[in-house]
Amino acid sequence: DAGNLKTSALDGSGNRHLIRQATTQIIAGGAIPVMIGGDNSTPIPFIEALEPLGPLTIIQIDAHIDWRDERRGEPMGFSSTMRRASEFDHVETIIQIGIRGLGSARRVEVEQARDWGAKIVTAREFHRDGLEAALQHLETGANCMITLDCDALDPGIMPAVMAPTPGGLSYTQSIDLIAAVIRKARLVAFDLIEFVPERDRDGTAAITAARLLANALGGLARDRQITPAQGVPD
């Protein structure tokens with residue numbers, strides 16, 4: 001465990017520097033960076049720091065495509081995550097799964113995302129067609145990161161989010177997707193974001209989030225054949 005970063009809600013630039021620095025250090029140490037917490041802008045510096053691991057495929061599991069160029073004058077905010085990621089030279093593919101929410105994109109942003117080449121898999125498509133709806137866009141053996149926004153899950157099991165949106169993924173669908181990505185590609189980074197503790201009325205959403213993370217770490221351990229003595233990379 002690399003510990004908590006001493007971020008400040010009033011210092012976006014400083015926060016991004018801390019995230020980039022920590023991620024760079026973890027990669028340099030030969031470990032797999034796993035980031036927990038923060039809003040949906042925190043993956044921007046996280047993805048930026050993955051440049052040495054590129055070309056990179058991003059698997060975004062989310063209710064929103066986050067393709068706004070700016071929101072209220074802020075280009076590095078939580079509605080612009082994938083738009084900024086698309087501008088990094090090392091990002092080759094973006095696959096967006098569970099999409100169903102309003103707020104992070106208008107019609108023009110959806111069109112711009114598709115014009116860039118983003119593969120948008122709506123929640124309805126995923127419920128109908130299963131894992132293949134997403135996996136058909138993933139190249140075998142690709143260097144891949146998963147960014148998992150908690151609002152990708154249905155609010156019936158994950159109410160502790162900023163923008164609860166009906167029709168989301170189930171817990172089983174989510175862990176099956178993580179496992180399938182690890183089997184088909186090479187997972188080089190993972191983040192779990194947008195958990196809002198004060199909206200977790202009975203603590204069960206925290207358990208769900210923790211189990212998602214445990215599944216990702218367990219999948220990595222099995223994939224990289226890590227023994228208990230070695231531990232799980234963080």
Per residue, the convex hull volume that the Cα atoms of the chain enclose (Å³): 122
Among 195, 190, 78, what's the order by accessible area (1.4 angstrom probe), most exposed first? 78, 195, 190
Where Rh denotes the Kirkwood radius from the mean inverse Cα pair distance, what is Rg over Rh for the stretch 145-217? 0.97
Between residue 186 and residue 2, what is the label-to-label distance in nm when each label sits 7 Å out along the Cα-to-Cβ direction? 1.9
Counting only protein heavy atoms and using a 1.4 Å probe, what share of the accessible area of the stretch 79-146 belongs to carbon plus sulfur, as a whole percent? 43
Over the stretch 34-76, what percent of the accessible surface lies on carbon and sulfur atoms, probe 1.4 Å? 47
Taking the convex hull of the alpha-carbon atoms of the stretch 2-112 and averaging its shadow over every direction gives an area in square nanometres of 7.2
I want to make sure I understand the PRE zone here: with the label point 7 angstrom from the Cα of residue 51 toward its beta carbon, which residues in the stretch 81-110 have backbone N atoms less than 15 Å away? 85-92
Ordered by packing density, taken as the mean number of other Cβ atoms within 10 Å over each peptide's residues, highest first, how do 153-162, 43-52, 111-120 rank? 43-52, 153-162, 111-120
Rolling a 1.4 angstrom probe over the protein heavy atoms, how many square angstrom per residue are accessible across the chain? 49
At residue 114 and residue 10, where each label point lies 7 Å from the Cα along Cα→Cβ, what is the point-to-point distance in nanometres? 4.4
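The values are calculated or read from the model by the stated rules, or taken from the named source; none is laboratory data. The model shown is predicted, which means the values in this text are computed figures rather than measured ones. With ideal geometry, Cβ positions are generated from the backbone for all residues, glycine too; neighbour counts draw on all protein chains shown. Just so you know, the surface numbers come from the protein's heavy atoms only, side chains and all, with ligands and any DNA or RNA stripped out. Shrake-Rupley method; radii C 1.70, N 1.55, O 1.52, S 1.80 Å.
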